[in-house]
Amino acid sequence: MKSDEFCVDSTEMILKRHVHAHGFQADGCTWQLAKQRGDRAIRSMGSKKFAAAVKELVALGYGEVKLEKPLTYSSLREMP
């Protein structure tokens, strides 16, 4: 694995952890909220990577899609 591949993986993991942390709020986490509360790296990822992170978190059983429009993620359990 190249060093830039690791960077992409770790950056996407940072996004997943960020989305998951904000998903415990009563209203869940939308891209707008993630962007507002995120740093420059989070904001630069865009809504498509947010949607991919939500899809993966749901597939792993960490949360669920609360609303489709706007895409809203709700956390169900803690990540290790």
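The values are calculated or read from the model by the stated rules, or taken from the named source; none is laboratory data. Please read all numbers here as calculations on a predicted model, not as lab measurements. We place every Cβ from the backbone using ideal geometry, glycine too, and count neighbours over all the protein chains shown. The area values use the complete protein model at the heavy-atom level, side chains included, leaving out ligands, DNA and RNA. Shrake-Rupley method; radii C 1.70, N 1.55, O 1.52, S 1.80 Å.
Filter the stretch 43-80 down to residues that are in a loop (DSSP other than H, G, I, E, B) and not hydrophobic (A, V, I, L, M, F, W, C), then give me how many there are. Show your work before the answer.
Of the residues in the stretch 43-80, the ones in a loop (DSSP other than H, G, I, E, B) are 60-62, 68-71, 76-80.
Now drop any that are not not hydrophobic (A, V, I, L, M, F, W, C), which leaves 61-62, 68-70, 77-78, 80.
Number of matching residues: 8.
Is it true that R40 is open to solvent by 70 Å² or more (accessible area, probe 1.4 Å), closer than 17 Å to M79 by Cα and among the basic types (K, R)?
Details: open to solvent by 70 Å² or more (accessible area, probe 1.4 Å): yes; closer than 17 Å to M79 by Cα: no; among the basic types (K, R): yes.
No.
For the stretch 1-25, name all the residues that are at pLDDT 95 or above and over 13 Å from the mean Cα position of the chain (by Cα).
Residue satisfying the conditions is Q25 alone.
Just give me the residues in the stretch 68-80 being open to solvent by less than 90 Å² (accessible area, probe 1.4 Å) and in contact with a Gly (Cβ under 8 Å, 6 or more places away or on another chain), in sequence order. Reasoning before the result, please.
Just the residues of the stretch 68-80 that are open to solvent by less than 90 Å² (accessible area, probe 1.4 Å), to begin with: 70-75, 79.
Those that are open to solvent by less than 90 Å² (accessible area, probe 1.4 Å) and in contact with a Gly (Cβ under 8 Å, 6 or more places away or on another chain): T72, Y73, S74, S75.
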